[in-house]
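Just so it is clear, none of the values below were taken in a lab; they were calculated from the coordinates. Fair warning: this is a prediction, and the values are worked out from it, not measured in the lab. Positions of Cβ are backbone-derived with ideal geometry, glycine not excepted, and every protein chain shown enters the neighbour counts.
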Amino acid sequence: MPLSHPVSFVSFAPFRSLRAIVLALALTAHAAAQSPARIVFSKSFPGSAPAWFAVELDETGKAVYRDAPDDDNPLRFELPAKDTREIFALAEKLEFFNRPLESKLKVANMGMKTLRYEKGDVRGGTKFNFSEDPDARALADWFEKISETEQHRIGLERTARFDRLGVNKALLQLESSWDKNRIVAPEQLLPILEKIATAQNYLHIAQARAASLAERIRAGKTPK
C-alpha cells in the first residue's frame with residue numbers, strides 16, 4: 001500500500017563530523033596537558049652581539065637556540081638535568097611570569113627581556129629591561145650563559161671552516177668563558193673541539209688547546 005506522505009531520511013553525517021571534531025579537540029587538549037612544560041626567553045638589544053636571541057627550553061632539558069627571528073636553522077642541544085631543574089625552579093619562584101618583574105628605577109637600556117611559560121592551560125608571560133628581583137636576574141643570567149655558549153659554538157665552527165688561522169683566537173675566547181664558568185652544556189662543543197684537535201691543517205697550538213678543553217669537558221672538570 002503506497003504511503004500517503006513521503007518519508008524523509010535524515011543524514012547523520014553532520015553529527016558524525018561534529019563528534020569527530022569534539023574528539024579531536026579533546027585529544028589535542030589532552031596532548032597539550034601531557035606535553036612537557038616549556039620556557040621561552042628572548043632578548044632584544046640593538047647594537048650588541050647578537051642584537052637578538054631566543055632560547056626555548058622544555059623540562060626534559062631539550063633546548064633550541066636562535067640568534068635571529070627568521071633563523072630557520074637553529075641550534076639544538078640538551079641541558080643537564082641539574083641545570084634544567086634550577087631554571088624551572090626559578091620560574092616557579094617567579095610565579096611562572098604571572099607578575100611584573102620590571103623595576104621602577106630609571107636605568108639605562110640593558111636589553112628588553114621577554115619570558116614566557118607554557119604548560120597545558122597554565123600560561124604566563126612578562127617583559128623587563130631591568131629587575132630588582134634576584135630570581136629574575138639569576139634566570140636571565142642562565143639564558144645569557146646559554147647564548148654565550150652557543151655564540152662560541154657558532155664562532156668556532158665558522159672559523160674552523162673558513163679561517164683556520166683564527167681558530168686559536170676563538171679557542172682562547174672559549175677558554176676565557178670556560179674559566180669564568182660561563183659555558184653551559186659543554187658536551188655540545190666536543191665534536192668541533194675533537195675535529196680541531198685531530199686534524200693536521202690547524203696550528204699545533206690550536207690543536208693542543210682544543211685537546212685540553214675537550215679533555216676537561218669529558219672529565220667533567222669545571223672551573224673553581
Give me the net charge of PRO74's neighbourhood, meaning all other residues with Cβ under 13 Å from the Cβ of PRO74; Lys, Arg count +1, Asp, Glu -1. -2
HN-Hα couplings for the stretch 162-175 via Karplus (6.51, -1.76, 1.60; θ = phi - 60°), in whole Hz with x for Gly/Pro, come out as 10, 9, 4, 6, x, 5, 5, 4, 4, 5, 4, 5, 5, 4
Going residue by residue through the stretch 148-159, the Karplus relation 6.51 cos²θ - 1.76 cosθ + 1.60 with θ = phi - 60° gives ³J(HN,Hα) values, rounded to whole Hz and with x marking Gly or Pro, of 4, 4, 5, 5, 5, 4, 4, x, 5, 5, 5, 5
